[in-house]
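Trainee: Here it is: the structure, laid out below.
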Amino acid sequence: MFACPAVPPSPPPRIDRPRYEVNVHVDSDLKEVSGDLTVRFTPNRPTQRLVFRLWPNGPLQEREGTRLDVGDATAGGHTLHAARPDPTTLVLRVQLRAGETIAVHLPWRLRVPLDARDRVSRFAAGVRLGSFFPILAWDPRRGWVTDPPAKILGESSTTPASDFDVRVDGPSGMEALVSGTRVGTDHWHAHGVRDVAVAVGRFSVFTAIARAPRPVTVVVGVARSAQVEGPNVLRMAVRALERLSRLYGAYPWKTYTVVVPPDLRSVGIEYPTLTFIGASPILRVIVDHETAHQWFYSLVGNDQARDPWLDEALATWGQLQLGSGLPGSIATSPSSEFQHVGSPMSYWNTRQVAYFREVYGGGVVALASLGQARRVNCALHHYAARNAYGIAQPGDLLDALNRIIPGAERRLRRFGIRR
């Protein structure tokens with residue numbers, strides 16, 4: 001009988017993590033959102049620049065009508081020299097020693113398109129805001145990350161675990177749902193998270209306590225124009241959170257929020273402590289998948305442009321452990337069909353259908369080829385514990401798999417998975 005070795009305690013978030021204060025104002029017509037941020041940043045190596053990513057200006061988002069504009073960045077009362085090498089990148093010239101802290105203030109304004117099938121969208125009586133403000137693209141292991149944006153539905157973000165203090169000013173009569181813990185009427189704190197997401201609108205709100213294993217307040221907000229039973233979604237979210245915590249370790253935050261807008265259909269979008277879920281016949285599959293992302297992307301980060309399989313394949317594997325299956329065409333396909341699981345987003349930019357089939361489904365086929373699911377889950381538990389709050393690389397996962405399943409790395413090479 002296999003017994004999983006003792007899992008080491010997880011490290012806390014880095015003491016030198018960025019700390020953001022973000023103010024968000026949603027216009028009454030919901031067409032524009034404006035705000036400003038102040039971020040305190042302390043590099044662990046010398047740097048001559050700060051790199052913020054402006055993800056709403058990516059090619060897919062731009063075609064939908066999204067646009068993020070920024071004003072002058074200031075630090076210590078001085079305007080910083082700014083460059084825009086491409087629409088999604090803002091570079092500020094600074095001189096910082098390792099361990100030196102800078103506080104940067106940056107105003108911004110966001111145009112919100114109608115019914116966009118993406119992270120920024122307005123819908124009947126509400127807005128969905130994800131990856132919507134300038135955010136630092138720092139990896140303590142590698143420095144600044146400047147991957148190009150994805151050209152398909154997918155992510156290309158790399159961000160460190162940070163602390164966020166968020167204030168949201170929305171139209172009268174509308175409610176805000178935000179990553180993190182509510183500490184005031186329009187005020188939230190989120191600790192040790194990579195990003196925050198916001199929804200503002202008219203919602204029916206349902207709450208429950210999950211044991212994951214510590215008490216977690218689960219909040220489900222269903223837009224009143226969405227045809228979904230809120231209590232049903234709440235039961236799904238609680239179940240997923242509790243079962244995944246038994247597989248991969250304690251859920252580390254105090255809240256988990258699920259927002260159901262009317263326009264996402266069979267799509268889910270994950271953020272730390274908050275996910276957007278489309279109203280769909282496969283609702284449970286989406287809830288299970290996006291909840292699994294709370295471990296694989298939220299807790300253990302990755303370069304989503306270079307290694308998209310590191311979070312998507314693992315989240316899909318997690319959903320299968322909860323009983324949510326794969327399409328039959330994938331489940332019955334020979335493993336030889338999946339040879340590019342480890343490819344970067346640049347490879348998938350012209351292969352949208354193949355991206356979902358191979359990175360999500362083929363990634364699960366690759367993990368299943370290693371044998372007993374309990375051994376794979378044991379390795380993933382160790383991986384999550386050792387890399388908590390960090391930005392993992394393929395070698396980190398392969399090391400964890402090799403420790404529990406000798407030869408795992410060699411066996412995964414035929415799927416295009418390498419360090």
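Throughout, read-outs are computed from the coordinates displayed, never taken from laboratory work. Since we're looking at a predicted model, the values are computed, not measured. Cβ coordinates were reconstructed from backbone atoms using ideal geometry, including for glycine residues, and neighbour counts include every protein chain displayed.
Trainee: Using 1/(1 + (r/R0)^6) with R0 = 45 angstrom and r between the beta carbons of H187 and R351, what's the FRET efficiency to the nearest 0.05? Please report the intermediate quantities before stating the final value.
Mentor: Working: r = 43 Å, r/R0 = 0.95.
Rounded to the nearest 0.05, the efficiency is 0.55.
Trainee: Right, next: Could you give me the ³J(HN,Hα) list for segment 221-231, computed from phi with Karplus coefficients 6.51, -1.76, 1.60 and θ = phi - 60°, whole Hz, x at Gly and Pro?
Mentor: Karplus-based 3J(HN,Hα) across segment 221-231 equals x, 9, 4, 5, 8, 9, 8, 9, 7, x, x Hz.
Trainee: With just the Cα atoms defining each centre, how far is segment 80-111 from segment 368-390? Give it in Å.
Mentor: For segment 80-111 versus segment 368-390, the Cα centre distance is 37 Å.
Trainee: A further question on this structure: Please list 3J(HN,Hα) in residue order for segment 189-204, calculated via the Karplus relation 6.51 cos²θ - 1.76 cosθ + 1.60 where θ = phi - 60°; whole Hz, with x for glycine and proline.
Mentor: 10, 9, 10, x, 10, 7, 6, 10, 10, 9, 10, 10, x, 9, 10, 8
Trainee: Another question about this same structure. Please work out whether segment 173-220 counts as rounded, prolate or oblate from its C-alpha gyration tensor, where a ≥ b ≥ c are the square roots of the eigenvalues and a/c under 1.5 means rounded, while otherwise a/b larger than b/c means prolate and anything else oblate?
Mentor: Values: a/c = 2.05, a/b = 1.24, b/c = 1.65.
Cα axes put segment 173-220 in the oblate bin.
Trainee: Can you put M345, M1 in order, fewest other beta carbons within 10 Å first?
Mentor: The order, fewest Cβ neighbours first, is M1, M345.
Trainee: Moving on to the next point. Give me the one-decimal nm value for the distance between modelled label points at S369 and D86, 7 Å along each residue's Cα-to-Cβ direction.
Mentor: Taking the two extended label points, one gets 3.1 nm.
Trainee: Would you list T101, T88, T185 from fewest to most Cβ contacts within 10 Å? Numbers along the way, then the final one.
Mentor: Numbers: T101 12, T88 24, T185 8.
Ordered from fewest to most neighbouring Cβ atoms within 10 Å, T101, T88, T185 come out as T185, T101, T88.
Trainee: Let me ask something else. Can you give me the distance in nm between label points at H78 and R246, each placed 7 Å from the Cα along the Cα-to-Cβ direction?
Mentor: My value for the distance between the label points is 5.8 nm.
Trainee: Mind pulling the per residue volume of the convex hull built on the Cα atoms of segment 262-359? Å³ is fine.
Mentor: Numbers: hull volume 10.3 nm³, N = 98.
Measuring per residue, one finds 105 Å³ for the Cα hull of segment 262-359.
Trainee: Excluding A373 itself, what net charge comes from residues whose Cβ is under 14 Å from its Cβ, given Lys and Arg +1 and Asp and Glu -1? Write down the numbers at each step before the final one.
Mentor: On the way: positive: R243, R246, R374, R375; negative: none.
Residues near A373 contribute +4 overall.
Trainee: According to the square roots a ≥ b ≥ c of the eigenvalues of the Cα gyration tensor, what is the shape class of segment 170-284, taking rounded for a/c under 1.5, prolate for a/b larger than b/c otherwise, and oblate for the remainder? Mind showing how you got there, number by number?
Mentor: Numbers: a/c = 1.73, a/b = 1.14, b/c = 1.52.
Since a/c reaches 1.5 but b/c is at least a/b, the shape of segment 170-284 is classed as oblate.
Trainee: Kindly provide the helix-only [θ] at 222 nm of the chain, computed as the sum of -39,500 (n - 2.57) over DSSP H runs of four or more divided by all residues, to the nearest 500 deg cm²/dmol? Write out the running numbers ahead of the final one.
Mentor: Numbers: 11 runs with 96 residues, N = 419.
Mean residue ellipticity at 222 nm (helix-derived): -6500 deg cm²/dmol.
Trainee: Let me have the relative contact order for the chain, percent, based on Cα pairs under 8 Å that are six or more residues apart. Please list the in-between numbers first.
Mentor: Values: 999 pairs, mean separation 61.1, N = 419.
Computed value for the chain: 15 percent relative contact order.
Trainee: Could you list D263, D27, D311 so that the one with the fewest beta carbons within 10 Å of its beta carbon is first and the one with the most is last?
Mentor: Working: D263 22, D27 14, D311 25.
Ranked by crowding around the Cβ, least crowded first: D27, D263, D311.
Trainee: Given axes a ≥ b ≥ c from the Cα gyration tensor, I'd like to know whether segment 1-100 is rounded (a/c under 1.5), prolate (a/b larger than b/c) or oblate. Could the numbers behind the result be given before it?
Mentor: Values: a/c = 2.11, a/b = 1.36, b/c = 1.55.
It comes out oblate by the Cα gyration axes.
Trainee: Any chance you could list the semi-axes, whole Å, largest first, of the equivalent ellipsoid that the Cα gyration tensor gives for the chain, using √(5λ)? It would help to have the intermediate numbers written out before the result.
Mentor: On the way: eigenvalues 200, 132, 86 Å².
The equivalent ellipsoid of the chain has semi-axes of 32, 26, 21 Å.
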